[in-house]
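Some notes on the structure that comes next.
The values are calculated or read from the model by the stated rules, or taken from the named source; none is laboratory data. Treat the numbers as computed from the prediction; the structure is a model and nothing was measured. We place every Cβ from the backbone using ideal geometry, glycine too, and count neighbours over all the protein chains shown. These accessible areas exclude ligands, DNA and RNA; they are computed on the full protein's heavy atoms, side chains included. Shrake-Rupley method; radii C 1.70, N 1.55, O 1.52, S 1.80 Å.
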Amino acid sequence: MSRTVLVLDRVSKVYGEGASTVIAVRDVSLELTEGRFVLLMGPSGSGKTTLLLLMGCLLKPTRGRLFLFEHEVSALDERTLPLLRRRYIGFVFQTFNLFPALTALENVELALNLKGITGRRARQQAAELLARVGLGERLHFLPRDLSGGEKQRVALARALAGDPPILLADEPTGMLDSRTGRQIVELLAELSRTENRLVFMVTHDPRVRDLADEVLVMEDGSIVARERAEEEMAAASRGERR
Amino acid sequence: MILREEESAWQAEEFKATMVSLAKKNLFHDRVRFLVALIGIQFAVVLMTLQIGFLLKFMTNASVLIDHIEADLWITAKNLKNFDFGLPFSEQKLYEARRAPGVLWAERFLMGFSYWKMPDGGQETIQVIGFNPETRIGAPWDIVEGDLTDVKYFNQIFIDEADRARLGFPRVGDEVEIIGQRARIAGITRGAKSFTGSPFVFTSFKNALKLSFIPPGQTVYILVKVAPGYAVEEVKQYLAETLTGVDVYTKREFSWKSRRYWLLVTGAGIALLSTALLGLLIGTIIVGQTIYASTIDHLREFGTLKAIGASNADLYRIIIAQALIVALIGYATGMLLSRIFLHVARRAGLEAYLPPEVLLAIFGLTVLMCVSASIISIYKITKLDPALVFRS
């Protein structure tokens, strides 16, 4: 049976005060389990990234409760949040955010170091992770010598450092052509299924919906639709069109 | 709780080394920026080293004789400004000083400006130093050539090797002319260079009276040695109270008075010190600007580190390590450049005094400069919102 890894209980995030108040996330309740590949879609400004930041322990909710495994994130102090991120979460960003002065191997090694794995062990694990994302031949390349897709693969290997149970990806295909983007999403989907990881991805790209186990649609800070892949497949088999 | 325990493991030495390694790679990755920072530090190090070196040498020169003479007390004319501006007073004070309790010995000592006739017919201002050749109190301390006993004889003089060029390259045995009187060079000294730039000419007190404008029966200083068992301050107090028309200083007081005059009153020292401080300031600005620009350039990467679990302290470590690496390389290369400049300056007759503790202090200042220059960057990192990394 799949474990619940992330629970959001009527979570809201409010920015500003008085007349300038903006409710970025409004009463969102979710329960996410391991081994799932979940997409979060919605128009710009709908609160997707804020929700991702909340789930990534980079923001604390203004209201509601957020649980990461047994930890109630909303009740923890600021010093503990980085420790939670190190232990449980891997991030993939739209703009890769690799250190330009470090090789692919060193970029991944750095993340491993940060998670307490150092020395030869870190180097070996970094090489394995890069091989896992198909970059075994590009270990010593600097980011400037890699293509967009390759950079995102390095970022993915870095996110996998320390084997976190949760991967949060923010528009990871945004800077890539559609073919490369699809490959990256396929890889993310595979990482969720084969390694029993929760992969939660924010995207604008409707072409990758078919790879997800679940698609959440967000508007004005609220989850307005929740589609499960089984239902979609069943609908497809009945010949219905969305 | 478990998370907290894990934190200590994450902060292992090896991890700290990784942060330093990252700082190094970040720094060397952008070579142009690194070179700009390096030039900034080298500029500051060279300016500080040269200016402080010259300043210390000037200060040492300002009291070179006081510091080398083994007197405990100096009796001078009233309200004297410094050693080089010595004024004559009655020799009677010498005998009064000798009678004072606690005085082991007291000697006359003369310093008077005079003129040296150059081979081309021109004149050079000199400072004639007269001491007692029997006791050798006040005599030059490092003799390169000649026998100091010779100064007992008529107008026999010693000059310093550093002043030979200035005096027309005279050699031992040569006859020269000082205010119309013939004098003979009996020897050469070393390390007795005056602050004013006018060469010291050492001779007996008796000869010095003839070779300067000090009238007979007068002295310019009285040097006093305090007898064992007596406190210097007490003897000074007694002499100050009993001898009228003169001032009494301890060796340390008179040395500092002379240095202070040139350092603070004339502004010569202030000018040198200001240039050194200016170097420090400019260096701080250049390094600060460079490290800040590098931080801004790497903000997204720092944000990423923060997002994946690095603490602010981890990021400070990178910034500080960058500053220290630049400081170390900048100091080492800056010192190398300073040596070259000092060599050139020495050939032009300009000496610097840089004891190891001063070099260490300059290193400390360089490190301080670089670390303080990274404070703005540290502030920026503290305020860094890790959500930044989610923006394209």
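So which helices of chain B fit the span-like rule, where a helix is a whole DSSP H run, its Cα atoms reach 20 Å or more along the axis, and its mean Kyte-Doolittle is at least -1.0?
Details: long enough: B:13-29 (24 Å, -0.24); B:31-62 (45 Å, 1.50); B:268-297 (44 Å, 1.56); B:312-347 (52 Å, 1.03); B:356-373 (25 Å, 2.01).
Qualifying helices, which must be both long enough and hydrophobic enough, are B:13-29, B:31-62, B:268-297, B:312-347, B:356-373.
Peptide B:303-316 has a mean shielding of 6, counted as Cβ atoms of other protein chains within 10 Å of each residue's Cβ.
Buried accessible area for the B:A pair, summed, 1.4 Å probe, in Å² rounded to 100?
Details: alone 19560 and 11970 Å², together 28210 Å².
Buried area between the two chains comes out at roughly 3300 Å².
Counting, for every residue in A:89-102, the Cβ atoms of other protein chains within 10 Å of its Cβ and taking the mean gives 6. Pairs of Cα atoms in the protein assembly as shown fall into 20 Å distance bins, from 0 up to the last occupied one, in shares of 16, 31, 18, 16, 15, 4, 0 percent. Here the accessible area of chain A is 47 percent carbon and sulfur, with a 1.4 angstrom probe and all protein chains present.
Among DSSP beta bridges lying fully in the protein assembly as shown, give the percent that are antiparallel, nearest 5. Numbers along the way, then the final one.
Values: 57 of 84 bridges.
Here the antiparallel bridges make up roughly 70 percent for the protein assembly as shown.
Counting only lysines at least 8 places from B:LYS380 when in the same chain, those with an alpha carbon closer than 17 Å to its own are B:LYS306.
Assuming charge only on the beta carbon of Lys and Arg (+1) and of Asp and Glu (-1), the dipole of segment B:79-244 about its Cα centre is about 240 debye to the nearest 20.
Listed by chain and number, the lysines whose C-alpha is less than 17 Å from the C-alpha of B:LYS93, apart from same-chain residues fewer than 8 away, are B:LYS78, B:LYS225, B:LYS236.
To the nearest 0.05, how large is the calculated FRET efficiency for B:ALA293 and A:HIS140 if R₀ is 25 Å and r is the Cβ-Cβ distance?
Values: r = 28 Å, r/R0 = 1.11.
After rounding to 0.05, the efficiency reads 0.35.
Only one residue of A:LEU68, A:ALA24, A:CYS57 has its Cα farthest out toward the positive end of the dipole of segment A:14-79, where Lys and Arg carry +1 and Asp and Glu -1 on Cβ, and that residue is A:ALA24.
Quick one: divide the alpha-carbon radius of gyration of chain B by 2.2 N^0.38 Å and tell me what you get. Write down the numbers at each step before the final one.
On the way: Rg = 29.8 Å, N = 392, 2.2 N^0.38 = 21.3 Å.
Against the empirical 2.2 N^0.38 Å value, I get 1.40 for chain B.
Among the chymotrypsin sites (Phe, Trp or Tyr not before Pro) found in segment B:201-273, those both in a DSSP coil and sparsely packed, with 14 or fewer other Cβ atoms within 10 Å of their Cβ, are B:PHE213. Cβ-Cβ distance of B:GLU357 and A:THR21, R₀ of 41 Å, FRET efficiency by 1/(1 + (r/R0)^6): the value works out to about 0.10. Here, segment B:79-244 has an Rg and a Dmax of 16.7, 55 Å when only alpha carbons are counted. Treating each Cα of segment A:135-235 as an identical point scatterer and summing with the Debye formula, the log10 of I(q)/I(0) at q = 0.10, 0.11, 0.17, 0.24 Å⁻¹ comes to -0.31, -0.38, -0.84, -1.41.
Say each of B:ARG171 and B:TRP105 gets a label point 7 Å from the Cα, pointing the same way as Cα to Cβ; how far apart are those two points in nm? Reported label-point gap for B:ARG171 and B:TRP105 is 3.5 nm. Rolling a 1.4 Å probe over the protein chains gives A:HIS140 an accessible area of about 130 Å².
Between B:GLN123 and B:MET118, the built amide H atoms are under 5 Å apart, and every one of these is 5 or more places off in sequence or on another chain.
How large is the convex hull of the C-alpha atoms of chain A per residue, in Å³? Write out the running numbers ahead of the final one.
Numbers: hull volume 34.7 nm³, N = 242.
Hull volume over Cα atoms, normalised by residue count, gives 143 Å³.
For the pair segment B:191-253 and segment B:78-112, the centres of their Cα atoms are 4 angstrom apart. Accessible surface calculations at 1.4 Å, restricted to protein heavy atoms, place the protein assembly as shown at 44 Å² per residue.
Quick one: dipole size for the protein assembly as shown, taken about the Cα centre, charges +1 on Lys/Arg Cβ and -1 on Asp/Glu Cβ, in debye to the nearest 20. Don't skip to the end; give the middle numbers.
On the way: 75 positive and 70 negative charges, 131 e Å.
Result for the protein assembly as shown is approximately 640 debye, rounded to the nearest 20.
Within chain A, the longest run free of GluC sites (Glu not before Pro) that sit in a DSSP loop with at most 13 other Cβ atoms within 10 Å is A:138-239.
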